[in-house]
1. Using a 1.4 Å probe, how large is the accessible area of A:Asp246, given in Å² and rounded to the nearest 10?
2. Along region A:25-31, what does the Karplus equation 6.51 cos²θ - 1.76 cosθ + 1.60 (θ = phi - 60°) give for ³J(HN,Hα), rounded to whole Hz, x for Gly and Pro?
3. Considering every Cα-Cα pair within region B:444-495, what fraction, in whole percent, is farther apart than 15 Å?
4. What whole-number volume per residue, in cubic angstrom, does the convex hull of the C-alpha atoms of region B:1-60 give?
5. Of the heavy-atom accessible surface of region B:424-475 (probe 1.4 angstrom), what whole percent is carbon and sulfur?
6. Could you work out how far helix A:44-63 tilts from the main Cα principal axis of chain A, as a 0 to 90 degree angle to the nearest 10?
7. Let me cross-check A:Ser329: its accessible surface, 1.4 Å probe, with only protein heavy atoms counted, in Å² to the nearest 10?
8. For A:Asp390, A:Asp179, A:Asp373, write out the residues from largest to smallest accessible area, computed with a 1.4 angstrom probe and no ligands counted.
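The values are calculated or read from the model by the stated rules, or taken from the named source; none is laboratory data. Just so we're clear, the structure is a prediction, and the values are computed from it rather than from any experiment. No Cβ is skipped: glycine too gets one built from the backbone with ideal geometry, and neighbour counts run over all protein chains shown. Surface areas here come from the heavy atoms of the whole protein model, side chains and all, with no ligands, DNA or RNA. Shrake-Rupley method; radii C 1.70, N 1.55, O 1.52, S 1.80 Å.
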Number of protein chains: 2
Amino acid sequence: MKYSKLFGKTNKTAPEDEKIISNKLLYQAGFIRESTAGRYFFLPLGQIVQRKIMQVIKEEMDQTGSQEMVSPILHPLTLWQETNRDKSAGFELMKIEDRRGSEFALGGTAEEMFIDVVRKFQISYRDLPFNIYQFSTKFRDELRARGGLLRVREFIMKDAYSFHVDEEDFKKEYQLMSDTYTKIFKRLGLKTYIVESDNGYIGGDYCHEFVVESSVGESRFLMTEDGSYSAHEDVAIFTKEEMNLDEQLQSLKKVEAKRNNDMEAGANFHKKPLWQQIKDVMFVDEKNRFILAIIRGDYDVNEMKLKHIIKAEELRHASDEEIREIIHSEPGFISPVGIKQIISKDCELIIVADDSIRKIHNAYGGANEKYFDYLNINIDRDYQPDIESDIAMTQSGYSVENNKKLVEKRGIEVGNIFQLGYYYSNKMKDATFVDKNGKSQPYYMGCYGIGIGRTMAAVVEIHHDDKGIIWPEEIAPYKIHLLTLGKDLEVLKQAEMVYDKLCKENIEVLFDDRRDIMAGEKFADADLLGIPYRIVVSTKTLKLGGVEIKQRNSQEQKIIKMDQLIKLFN
Amino acid sequence: MKYSKLFGKTNKTAPEDEKIISNKLLYQAGFIRESTAGRYFFLPLGQIVQRKIMQVIKEEMDQTGSQEMVSPILHPLTLWQETNRDKSAGFELMKIEDRRGSEFALGGTAEEMFIDVVRKFQISYRDLPFNIYQFSTKFRDELRARGGLLRVREFIMKDAYSFHVDEEDFKKEYQLMSDTYTKIFKRLGLKTYIVESDNGYIGGDYCHEFVVESSVGESRFLMTEDGSYSAHEDVAIFTKEEMNLDEQLQSLKKVEAKRNNDMEAGANFHKKPLWQQIKDVMFVDEKNRFILAIIRGDYDVNEMKLKHIIKAEELRHASDEEIREIIHSEPGFISPVGIKQIISKDCELIIVADDSIRKIHNAYGGANEKYFDYLNINIDRDYQPDIESDIAMTQSGYSVENNKKLVEKRGIEVGNIFQLGYYYSNKMKDATFVDKNGKSQPYYMGCYGIGIGRTMAAVVEIHHDDKGIIWPEEIAPYKIHLLTLGKDLEVLKQAEMVYDKLCKENIEVLFDDRRDIMAGEKFADADLLGIPYRIVVSTKTLKLGGVEIKQRNSQEQKIIKMDQLIKLFN
């Protein structure tokens, strides 16, 4: 490719306020352009990289025996209704009606579609297992889309779905996919952490994210130093110690407490440790249920865990007015003690206690009345939670199994694998296979996704310097960035010959053939574009009987002869 | 690939009432499945073929210097508003709103999108010309979707857009694309006719369809035997002879005519030739304008030509009531003579005369009154059309240039190329480049499309027999269909070895490894799938020291040795 003919040239400046380095570099180097927020054009250079990423994924998926196919982008809405996901994923699911009145979803994932195509066949145990996948455009109706390719509304995803006779068979595939993903990302130049995570609206019992560590990533996860445990903050657990269970239960006491509303104020006022205080957080869910979450005073409530336990789609904090007028309590002074007796008649209240609460005796906290606190609050005796579970947010420094300390990391989620089990096959009609005894059985499933654009952005986040991108060879848009110095006609002629020779040998080369551009600008563009090898033809190199070669990620330059060059890349 | 593991097995029966052979075979052979009407899954075998077709197209496009990129699927509706296509293409354009209220079109083509990305760059004459293309899913909100992949609502299209400093430069690209398309289709096993056609809602002045001759095609076109002229019925012209211009003009005469409403009745009643009668057809367009089309009695009106001339989006025949109550004429007795004097006051009527009318003297026809006709109607003297033009439908047997006879053909439109000129760059802001003098100029454009699924269906329409598909080698899902006969363990062992060897040599092979299937069924499946080479391993072939090879499109079978086999495919 000649640079003069390339559509999508470099740009000296990035969009204003662009903080994400991958977006800045991919923009400046002419790989992508935004259409509307969260929807991107992949320009010719970007599309080459996108294709190479997909090729690596395809090779590794095919290697495992997975089979590529493709489903329509518009999913009949009836399918999403069959699994009830039209509602649960409703907030980010885009819907469209055609002029005959048929409704469709613009899928974010395609579980229903793949089951729908599989059930068009009479599958028997002999046909199982299989793993079918596609590369296809996915849609997310995100309210916020920032960060270039890291958070978008439309993107190409490799999504795979596997079908099994039972869990045991599935587990082999889950491991195989996990290993395959590690291999794929390694080929793409990415070291990934495999992080236990929340399944979101996909369903199923467990799943893992593949995360590239990066400060701009949206995934916050916690791991032990030895990597034996790593989990997304949404699901990460930690060891909650027994605090003062040897202490005798004291009798409940209501005391005046002219203090501020915050936790520290309570601890200071009563001169007791923060952990002994009960933190009371009042939420409201989408069905207008009130949820009182209580937890040890120095812990925080993990809303994702809480949502799962009470099976809520959405949670918000109750307002001061709601706390006063519906709960008849007082902001900053809420207490589980006696609260069910004072709430409005038609108000549904669920008390959810973190299991840390049971490891404390004689806690203190509000008394549902302004400027009054209870001392010596004890679970069971003074109040009964409706649910007891882990609803705590794990933090850096907490410990997990065998007293190993957790460290907080941030990262970019580039892929994920999900156990689906019977989640879909139990909900969808005829999602079955015929077993050895001729009986219909639901199949056991898994699904496996990789976001292509986000992977590309992650590569740039990891592989760049202050001058530009440094593409790993496997997915670089070209192997060689050829350029000339000066306006000497002989140099230009020789460079054209080098270019023709490389093309003839099918060695991928971008030739900066611009004549009116200074050497400095050409070098800067080469660094920005990040092609692995820079080849310079100049009067000097011709005198030395060859071309100058330099790797993007090294300072070393040397002269090599033309036939050596060809050999190097063949 | 082992057949036992393949997702998407063969089926002995096709969907009921399936008349399109490509749909029947692609269904039975397990290449495609319908999701909802007009939206298809490409199963693993179908996806391999789809990929190979795209690969051929990509290779040939890249060869011309065209550059692949990709645009979002959701187009901001504002772009379509900029060119007014949100209305003109409205009837098949799908629209969607996101939850922030932004509107998008699910594009059928992407002219606006590509201009929108190009105008994000400051293009100068030095950057031109370039041709950028994508493979992307396109949507058409068709009311009817039948015929398998031939008429769908969602499909992958290769769409290319070229940008030029002027018409002269564009014309070179148009020719290059035309030649490239011929080459592409030839590699895919398709002989295409290049047919002048209507530009539909794309705009521009001229365009050509690439048509594969087939009785199931929706494109009706006319061509001379020598191929010097070929045009879609929407635009095909023919020579209209002067009939009786040497005849003296006779005076207009109104006569009683108790006849039926049809043209033959008129000719019989007056005992005059059909061609001398005026055919009057009354239409109504989407703006409620009435259009009276008049033409020689033995010709038919071409509604597409008529629509273009009067710049209407839609036409329908006026009802009998409208003709009586608004036009104050009589169905079957309409006449251009005096019609503007009798119509309702607020009625807009446009009289459009085919140019054949001027080649007749003393025509006869209705008199805007039941059972009355005029004789000796003559243009200019008795009535003045608002527009005179070619609005005739060309038929088989008519002649064109140098008296060459036209033959009617039907075919499948697999690709098309469009001159766009300044159609878009004049409508869209900043669709300009900087010329040599530093002045902003609109660029001159063309666009070029190929429907992938339809091309695949066309290949099957052309390449099949009564047993199944016969894939051209270039796009066959596999090169070799390997199968075993009998249950002899040695045969199975040898076949596995053959399979492993072929895989190791990267020779694409589908191995029918089923043990409980009779030879007849395996052969039938092989014929149905249509893979070019069938290799049989059996007790007999082992005795003869090799394998049996047979081409799908030949009856000849022969035994070859394993190393010969490898050589044959390397």
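1. Roll a 1.4 Å probe over it and A:Asp246 shows about 140 Å².
2. In residue order, the calculated couplings are 5, 5, 5, 5, 7, x, 9 Hz.
3. Cα-Cα pairs in region B:444-495 separated by more than 15 Å: 67 percent.
4. It comes to 99 Å³ per residue, whole-number rounded.
5. That fraction is 43 percent.
6. The angle comes out near 70 degrees.
7. Surface open to solvent at A:Ser329 totals about 10 Å².
8. A:Asp179, A:Asp390, A:Asp373
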